[in-house]
Amino acid sequence: MSKNNNTSKIEKSLKRRYLKENIFKASGYASIGIAFMFLVVLLADIGIKAMPAFIQTQIELKLDLSYESLQLNPESSVAEIKKVDFRQVIRKALRKQFPDVKKRKEKKQLYSLISSGAEYQLRDMVLENKELIGNEHSFNLYADDDVDALIKGTINRKLAQSERRVKDFKISLIEVLEKNNQVSKKFNWTFFSSGDSREPELAGIKGAIMGSIYTILVTLMLSFPVAVAAAIYLEEFAPKNRMIDFIEININNLAAVPSIVFGLLGLAVFINFFSLPRSAPIVGGIVLSLMTLPTIIIASRSAIKAVPPSLREAALGLGASKMQTVFHHVFPAALPGILTGTIIGMAQALGETAPLLMIGMVAFIVDIPQTIVDPATVLPIQVFLWADSPERGFLEKTSAAILVLIGFLIIMNALAIYLRKKFEKKW
Amino acid sequence: MKNLKTLIAIAALTTSLTALSAGRDYISVVGSSTVYPFATVVAEKFGKSTDFKTPKIESTGTGGGMKLFCKSIDINTADMTNASRRMKSSEFKMCQENGVKGIVEVLIGYDGIVVANDIKSHTFALTRKDLFLALAKEVPSEKDGELIVNPNKTWHDVRAELPNVKIEVLGPPPTSGTRDAFVELAMEGGCKQFPWIKSTKKKDKTKYKSICHTIREDGAYIEAGENDNLIIQKLQKNPDALGIFGFSFLDQNSDLVKGAAIDGSAPEFESIADGSYPVSRPLYFYVKKAHVGKIPGMSEFLEEFTSHKAMGEEGYLIDKGLIPLDEEKYQKVFSDVKNLSNLSL
């Protein structure tokens with residue numbers, strides 16, 4: 001009797017319970033959907049804005065590099081070539097193509113078709129291949145950022161003259177060049193091969209990428225051994241006493257400290273006290289490793305904790321010392337977890353700006369850093385600096401730099417997943 | 001074991017690095033984010049056209065730059081600092097006390113602060129008094145000596161000739177030098193046109209400052225962060241709003257936004273240069289004399305920065321939105337730099 005009663009009760013509640021489950025499932029789907037939608041919108045927005053940054057407008061000009069016009073002779077040294085006024089060479093070619101442009105103001109417009117960095121581009125090409133000197137050659141020179149924007153369509157030609165940056169006269173010049181097929185759109189290698197610049201058409205991300213790599217390397221070299229050693233000691237060797245409890249609490253607290261505090265610490269200790277150079281990846285790396293230490297320690301400890309005790313007991317039972325047990329059995333088994341924690345810590349460090357603000361890495365640096373003591377900046381700071389620049393061309397560069405940063409993060413996370421899959425053991 | 005080894009490695013690294021950093025071979029510049037866009041252009045040109053390394057320019061803000069600059073005479077401290085206002089006497093004293101004795105002051109030009117809105121929207125012709133009445137927290141009532149909480153909701157309330165749109169101004173936060181300059185030049189400029197407020201200045205300077213310098217907090221003035229590009233984007237979305245930012249951003253975005261005339265003078269290159277546009281400020285940089293000759297390229301960099309082709313009337317800095325000095329002032333700056341004349345305040 002009572003049994004029957006229970007069954008009917010259960011049957012009655014069944015529908016309600018299924019409904020609850022379905023509602024829960026649906027809300028789960030909805031949250032994933034919303035999160036995914038935000039991500040797609042964000043990435044699509046950045047991606048669309050970034051696209052023009054990967055294309056560069058170049059203008060082909062026939063330049064007279066004869067010995068007379070460069071005032072050189074076949075025996076000229078590198079230093080003499082460096083002194084040549086290549087800007088005049090370019091301007092002469094422009095005047096030759098547009099002989100009707102006579103007024104001073106119009107000439108200024110004409111010269112501004114070509115980027116102000118083109119003279120150095122030309123100089124570097126000539127220095128690389130000295131055989132160019134003596135003849136007339138066609139060169140693809142960087143177009144000015146306004147011309148670039150017009151060709152890409154970022155500036156609308158159809159707007160009234162007063163509402164656009166490029167005036168009618170300049171457009172008429174560009175149209176002549178277009179008719180002669182002198183304007184071409186190329187993949188923007190400069191963006192990946194040069195350092196920062198104040199001209200959008202010359203600005204590149206390589207300096208920031210190298211800065212990020214050096215900084216992350218220093219962070220990894222410092223934080224990985226220290227954090228893993230600390231985690232192993234705390235999990236396997238440390239006695240249970242108040243002192244160790246105190247240390248544990250502190251490590252957990254450290255993980256919650258705002259990152260700017262580490263920057264202040266870095267400024268006070270490493271720059272002011274140890275007088276390390278400002279803006280250098282070494283200081284950035286040390287500061288970021290302080291920040292990532294607790295993350296790696298906590299992740300490593302839980303990885304070590306997850307190794308089954310039977311493994312340790314078996315090793316000890318067969319006569320291994322404590323140290324042999326740890327380094328031969330526990331550590332390899334915990335390695336995938338430790339690596340995942342480390343890479344997540346590194347990814348966090350890669351995107352960090354606040355602590356680097358204090359140690360002078362928010363700086364304009366053109367030269368690509370060669371060592372960890374050279375002044376450098378990092379990817380997220382480059383994004384910040386470009387976002388704050390008045391020139392319109394930096395808008396697309398900003399988005400492109402964000403894409404590069406996201407690319408790095410994806411690579412690091414993929415590496416974490418790969419390492420975990422490769423070394424993971426199931427028991 | 002591992003721990004110990006790392007520690008030793010760090011210690012060894014530190015000692016070797018300290019030795020390394022002593023021989024710095026690039027110029028280090030700190031300071032104002034307003035001067036940053038100009039200093040960086042010169043630095044880049046300098047790096048590309050000479051065999052010296054490109055100077056490193058940090059954007060630390062004027063005050064932060066002064067602190068770093070005046071810290072000591074040590075070769076590892078900054079060689080120059082940019083400033084969007086003149087060095088204060090307190091900062092000069094700090095420098096002197098820390099042994100930074102020889103300082104060269106270089107006035108590079110002017111920067112205008114503009115009030116602008118969307119190009120398709122109303123055209124504003126404002127006065128400094130309008131700006132004060134629209135943006136101050138408390139404004140004078142009809143009775144002399146009495147202040148009331150700012151009742152103005154629309155520009156029409158401020159002055160009958162102005163368009164009837166809600167007062168909504170996007171501007172920089174208090175940490176910004178642009179904000180300081182705007183408050184000092186525009187707000188205070190309008191504020192002291194009330195005779196009784198002007199007379200308070202002598203009696204009670206703090207009160208005078210709090211009347212003239214306090215911006216309203218009821219939502220009419222919106223702090224939009226330090227990023228001027230963001231303000232311009234927001235202006236396009238909201239045609240009724242006005243934005244406050246530097247002239248170089250107006251110059252670069254003249255197809256999107258237009259500047260309001262202030263006291264009858266439009267924010268144009270010529271009017272800022274001749275001083276008729278009232279909201280403009282001088283830009284400086286300061287040089288540590290003791291480092292000239294020790295850091296390679298210092299005197300050459302100074303020469304490039306103060307050359308005619310950089311900050312002269314047709315210089316490349318002018319293309320970037322800097323307002324040039326008149327010939328007389330330029331000659332003085334030029335000779336000051338040539339002789340490395342000491343600054344005295």
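Some points to look at:
- Per residue of B:313-322, other chain Cβ atoms within 10 Å of the residue Cβ number 1 on average.
- Per residue, the convex hull spanned by the alpha carbons of region A:2-51 comes to 42 Å³.
- Over region A:206-423, relative contact order from alpha-carbon pairs under 8 Å, at least 6 apart, %: 31
- Region A:206-423: C-alpha gyration tensor shape, a/c 1.5 cut-off, then a/b vs b/c: prolate
- Exceeding the 29 Å Cα-Cα cut-off - candidates A:LYS397/B:LYS153; B:LYS258/B:LYS288; A:LYS92/B:LYS48: A:LYS397/B:LYS153; B:LYS258/B:LYS288
- Alpha carbon centroid spacing (whole Å) that separates region A:51-80 from region A:393-427: 39
- Net charge of Cβ neighbours under 9 Å - reference A:ARG278; Lys, Arg +1; Asp, Glu -1: 0
- With coordinates expressed along the principal axes, the C-alpha atoms belonging to chain B extend over 71, 53, 44 Å, beginning with the largest.
- 10 Å Cβ neighbours from other chains, averaged over peptide B:247-257: 4
- Anchor A:LYS105: aspartates and glutamates whose Cα lies under 13 Å away (excluding residues fewer than 8 positions away in-chain): B:GLU314
- Among the trypsin sites (Lys or Arg not before Pro) in region A:134-168, those located in a DSSP loop and surrounded by at most 14 other Cβ atoms within 10 Å of their own Cβ are A:ARG157, A:LYS158, A:LYS167.
- Of B:LYS129/B:LYS201; A:LYS82/A:LYS107; A:LYS186/B:LYS56, pairs whose Cα-Cα distance is over 22 Å: A:LYS82/A:LYS107; A:LYS186/B:LYS56
- Taking a straight line from the alpha carbon of A:LYS421, these lysines sit under 25 Å away, with near neighbours fewer than eight places off in the same chain left out: A:LYS305.
- In this structure, the pairs whose alpha-carbon distance is over 24 Å, taken from B:LYS198/B:LYS332; A:LYS83/A:LYS170; B:LYS88/B:LYS207; B:LYS53/B:LYS332; A:LYS102/A:LYS130, are B:LYS198/B:LYS332; A:LYS83/A:LYS170; B:LYS53/B:LYS332; A:LYS102/A:LYS130.
- The mean number of partner chain beta-carbon atoms within 10 angstrom of a residue's beta-carbon across peptide A:387-399 is 4.
- Rg over Rh, two decimals, the protein assembly as shown (C-alpha only, Kirkwood Rh): 1.04
- Of the GluC sites (Glu not before Pro) in region B:60-148, those whose Cβ has at most 11 other Cβ within 10 Å and which sit in DSSP loop: B:GLU142, B:GLU146
- Aspartates and glutamates with Cα under 13 Å of B:LYS192, excluding same-chain neighbours fewer than 8 positions away: B:ASP130, B:GLU184
- The chymotrypsin sites (Phe, Trp or Tyr not before Pro) of region A:263-348 meeting both criteria, a DSSP state outside H, G, I, E and B (loop) and at most 16 other C-beta atoms within 10 angstrom of the site's C-beta, are A:PHE274.
- CD proxy at 222 nm, helix term only [per DSSP H run n ≥ 4: -39500 (n - 2.57); per residue of chain A; nearest 500]: -20000 deg cm²/dmol
- MRE, 222 nm, helices only [DSSP H, n ≥ 4, -39500 (n - 2.57), over chain B, to nearest 500]: -11500 deg cm²/dmol
Here, each number is a calculation from the coordinates, and none is a lab measurement. Keep in mind that what you see is a predicted model, and the values were worked out from it rather than measured. Methodologically, a virtual Cβ is constructed for each residue, glycine included, from the backbone with ideal geometry; neighbour enumeration extends over all protein chains shown.
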